[in-house]
1. Return the residues of segment 398-433 that are out of contact with any Ser or Thr (no Cβ under 7 Å at 6 or more places or on another chain), surrounded by fewer than 22 Cβ atoms within 10 Å (Cβ to Cβ) and among the hydroxyl-bearing types (Ser, Thr, Tyr); say none if nothing qualifies.
2. Between Lys292, Lys321, Lys280, which is in contact (Cβ under 8 Å) with a residue 24 or more places away in the chain and closer than 30 Å to Glu410 by Cβ?
3. From the list Val357, Val350, pick out the single residue that is β-branched (Val, Ile, Thr), free of Cβ contacts under 8 Å to residues at least 12 places away in the same chain and not assigned by TED's automatic domain parsing to the domain that holds Glu17.
4. Among (1) more than 19 Å from Trp24 (Cα to Cα); (2) of a type in the set (A, V, I, L, M); (3) touching a residue at least 24 places away in the same chain (Cβ under 8 Å), which single condition is Leu145 missing?
5. Find the helices (runs of 4 or more DSSP H) located wholly in segment 1-104 whose residues include 1 or more that are at pLDDT below 85 and closer than 30 Å to Glu250 by Cα, and list them.
6. Those residues that are over 20 Å from the mean Cα position of the chain (by Cα) and modelled with pLDDT of 90 or more, I need them from segment 307-323; list them, please.
7. Being free of Cβ contacts under 8 Å to residues at least 24 places away in the same chain and either closer than 27 Å to Ser154 by Cα or assigned by TED's automatic domain parsing to the domain that holds Cys318 (or both): is that true of Arg388 here?
8. Taking the conditions exactly as written (at pLDDT 85 or above, surrounded by fewer than 17 Cβ atoms within 10 Å (Cβ to Cβ), under 27 Å from the mean Cα position of the chain (by Cα) and closer than 30 Å to Glu432 by Cβ), does Thr331 satisfy them or not?
Amino acid sequence: MGPVTINLFLDKRTSKEGEGIVKWLVSFNGKQRLFTTGIKVLDEDWAFLKKHRNGIPGQVKNDYRRKLWNMLYGTYFVEDQTGKEVESYMARAKTVISNLRGDFSFEVFAYEISMYGQERKPLEDRKDQNNVITALKSKAESMTLQGRIGNATSYHSAAASLARFVGSLTVEQRYEYLHFIAPKGKVVAAEDLVIKFEHLTSKLLTMYEKWMLKHGKAAKSKKGKAVPASITTVGIYGRHIRSVFNDAIENGVVNRDLYPFTKNRYTIPAGTNTKKALTKAEVLSIIAYECKPGMEQRSRDLWVFSYLCNGMNMNDICRLKWEDVQSGSLTFVRQKTARSRKSNQSRIKVTLLPETVEIIERWASEDRKPTKHVFPFLMNDMTAERERIVISQVIKITNQYMRGIAKELEIQSDVNTYSARHSFATILLQSEAPLAFISQALGHTSISTTESYLGSFDDEKTKKYLSALL
């Protein structure tokens, strides 16, 4: 195992201008990961800290900067709000790395640093990295620490699903696939079974896929029955399992030769790309629809705003700030890619039409300071978990009212927030806009990603194009 190094890094990608969030930058085996401390720092204060990271001069009289330096770099104890003495952020990270020794991995570090100072089970109880379910949970904890709540929830769901599958295996199957021999006369609980990475053969993964398509969706109550999961869900969970398998190879937990996710072994299924785009006539009917004041109008306006603003998703709409809005346009970085380690994150520019300006004026928050949100859904001091809950609720309400509008307009397609983005892309393509332009407008880095968004051509367009054959 290579050495582990730790530094502090100011991440300014998702903060307001002139400010950033201090994160641990951990390097291990040629790879780097960022883990947030949650501390926000101004650029000028960070420049001071970097200059004096090895020690703060005695002549510095700025109490705030002295306190900040002690919190981040001090080798002695400082008091937190509970009155307990805690180590500085740099010191506690070094302590975690020292305690892990040869058992270091990014996922275990994330868990340990998030639980630092809290009462929990001894470290030895979590040492076994050769446990797929534990690895999925650890990855979820890592993502939670980084504020990636949606991904964290998905990894937790994958872990729960795999645990249910293992629990469904017969005694004979447990022996065949997990090499587990039950003690005589003793009932073994499902949670006591361990599925190791070497157990993930193509045969077992195929069994898991078939089980998911029959029992993958857990019962909502004790008396209820499990129902089939979609092929899309199977694909998502399969990719999560593949991700932790790759981590296990990287950390030397399992031999690369046992990797099951190859063309000749097991292929993760891909969900079917059903048409999600509306026709231009259907979109225009939604825009012209006479809404009832209140939630119905707000929902329709948010859907139209998404459609007219480059198919911007609801997450990005909720996070828009006044500093992103300029005269006649707005710019933003997609939240889906904002946490990428790539340094060339490009901002998407959206031309504001009269209709979108009107929607902003109708629903915008009253406080128009640059760092405040345009729409009054999120607050700057919200936790990542609370932000996710609020955005999910906005999406749920919007979808509910949009389906009601679709019913009134006799639109057969599922009219939800996702369909606005697909309609934007497909209608542009049918209007013969270049694919490269559509890809740039959507914020995609790959043309192939854009192609997956595009729906089929309607009958009129098909006849027009086929007429060129004669």
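The values are calculated or read from the model by the stated rules, or taken from the named source; none is laboratory data. As the structure is a prediction and not an experimental result, all values here were calculated from the model. Here the Cβ is made from the backbone with ideal geometry for all residues, glycine too, and neighbour counts use every protein chain on show.
1. Tyr418, Ser431
2. Details: Lys292 fails: in contact (Cβ under 8 Å) with a residue 24 or more places away in the chain; Lys321 fails: closer than 30 Å to Glu410 by Cβ.
When all the criteria are applied, what remains is Lys280.
3. On the way: Val350 fails: free of Cβ contacts under 8 Å to residues at least 12 places away in the same chain.
Testing whether each residue is β-branched (Val, Ile, Thr), free of Cβ contacts under 8 Å to residues at least 12 places away in the same chain and not assigned by TED's automatic domain parsing to the domain that holds Glu17 leaves just Val357.
4. Looking at each condition in turn, Leu145 falls short on (1).
5. Working: elements: 43-51, 63-72, 89-100.
So the answer is 89-100.
6. Pass one, segment 307-323, residues over 20 Å from the mean Cα position of the chain (by Cα): 307-310, 321-323.
Of everything in segment 307-323, those that are over 20 Å from the mean Cα position of the chain (by Cα) and modelled with pLDDT of 90 or more turn out to be Tyr307, Leu308, Cys309, Lys321, Trp322, Glu323.
7. Numbers: free of Cβ contacts under 8 Å to residues at least 24 places away in the same chain: no; either closer than 27 Å to Ser154 by Cα or assigned by TED's automatic domain parsing to the domain that holds Cys318 (or both): yes.
Answer is no for this residue.
8. On the way: at pLDDT 85 or above: yes; surrounded by fewer than 17 Cβ atoms within 10 Å (Cβ to Cβ): yes; under 27 Å from the mean Cα position of the chain (by Cα): yes; closer than 30 Å to Glu432 by Cβ: yes.
Yes; evaluated as a whole, the condition is true for this residue.
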